[in-house]
1. List pairs: first residue in the stretch 88-113 and basic (Lys, Arg), second residue not in a loop (DSSP other than H, G, I, E, B) anywhere in the structure, Cβ distance under 9 angstrom, at least six positions apart or on different chains.
2. If you check MET117 against the conditions, is it touching a His at 6+ places or on another chain (Cβ under 8 Å), surrounded by 14 or more Cβ atoms within 10 Å (Cβ to Cβ) and closer than 16 Å to VAL35 by Cα?
3. Which one of SER84, SER62, SER99 is under 25 Å from LEU128 (Cα atoms), in contact with a strand residue (DSSP E or B) (Cβ under 8 Å, 6 or more places away or on another chain) and not basic (Lys, Arg)?
4. Please go through (1) surrounded by fewer than 22 Cβ atoms within 10 Å (Cβ to Cβ); (2) farther than 25 Å from LYS145 by Cβ; (3) touching a helix residue (DSSP H, G or I) at 6+ places or on another chain (Cβ under 7 Å) for SER93 and return the number of the only condition it doesn't satisfy.
5. Please pick out the residue among ASN3, ASN21, ASN44, ASN39 that is surrounded by fewer than 15 Cβ atoms within 10 Å (Cβ to Cβ) and over 13 Å from the mean Cα position of the chain (by Cα).
6. Being closer than 23 Å to ASN142 by Cα and either among the basic types (Lys, Arg) or touching a Gly at 6+ places or on another chain (Cβ under 7 Å) (or both) is true for just one of ASN37, ASN49, ASN44. Which residue is that?
7. Keeping to the stretch 75-90, report how many residues are surrounded by fewer than 14 Cβ atoms within 10 Å (Cβ to Cβ) and not in a loop (DSSP other than H, G, I, E, B).
8. Mind telling me which of the residues ASN49, ASN44, ASN37 ends up being at positive phi and either in a strand (DSSP E or B) or in contact (Cβ under 8 Å) with a residue 24 or more places away in the chain (or both)?
Amino acid sequence: ICNGFQILLEAGLLPGAVLRNKSLKFICKDIFIRVENTNTPFTNQCNDNKVLKLPIAHAEGSYFADTATLSSLIKNQQIIFRYSDKSGNITDSANPNGSIENIAGICNKERNILGMMPHPERCAEAILGNEDGMLIFKSIINFVKVL
């Protein structure tokens, strides 16, 4: 999550890199992401194309990958989350940081490592005003239960 995603990229556990936000400014706000793949330990409790409202807080959160890497991510269904509008439409205006293809989160080929810029842990309880992030944690628990 966020800086952890950056570490996974720098360590080579996930492909690509994160760059400065397109605006060159720190961004801290709620955004929407659409679930692109529910066949992972992190999204198995989500419906196809489920839209989640999650916060972001970063200055370097623009995901980038070269053409070959991006093609591989698409082919292997490793793009897990994309920035979207409230209705799930993938648009330039819904992309808060300039990430290529509106990518908000990816996984490795084995689907056991997830990296994402938004913060689901900051919206996983009613007392926080939003429980959308809880779906990711419920998915992990569900996955572990069936092992």
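1. LYS109/SER72; ARG111/ILE80
2. In short, yes.
3. That would be SER84, the only listed residue that is under 25 Å from LEU128 (Cα atoms), in contact with a strand residue (DSSP E or B) (Cβ under 8 Å, 6 or more places away or on another chain) and not basic (Lys, Arg).
4. Against the list (1) surrounded by fewer than 22 Cβ atoms within 10 Å (Cβ to Cβ); (2) farther than 25 Å from LYS145 by Cβ; (3) touching a helix residue (DSSP H, G or I) at 6+ places or on another chain (Cβ under 7 Å), SER93 comes up short only on (3).
5. Numbers: ASN3 fails: over 13 Å from the mean Cα position of the chain (by Cα); ASN21 fails: surrounded by fewer than 15 Cβ atoms within 10 Å (Cβ to Cβ); ASN44 fails: surrounded by fewer than 15 Cβ atoms within 10 Å (Cβ to Cβ).
Every option except ASN39 fails the conditions.
6. Residue meeting the stated conditions: ASN49.
7. Qualifying residue count, the stretch 75-90: 1.
8. Working: ASN44 fails: at positive phi; ASN37 fails: at positive phi.
Exactly one residue qualifies, and that residue is ASN49.
The values are calculated or read from the model by the stated rules, or taken from the named source; none is laboratory data. Keep in mind that what you see is a predicted model, and the values were worked out from it rather than measured. Neighbour counts run over all protein chains shown; Cβ positions are idealised from the backbone, glycine included.
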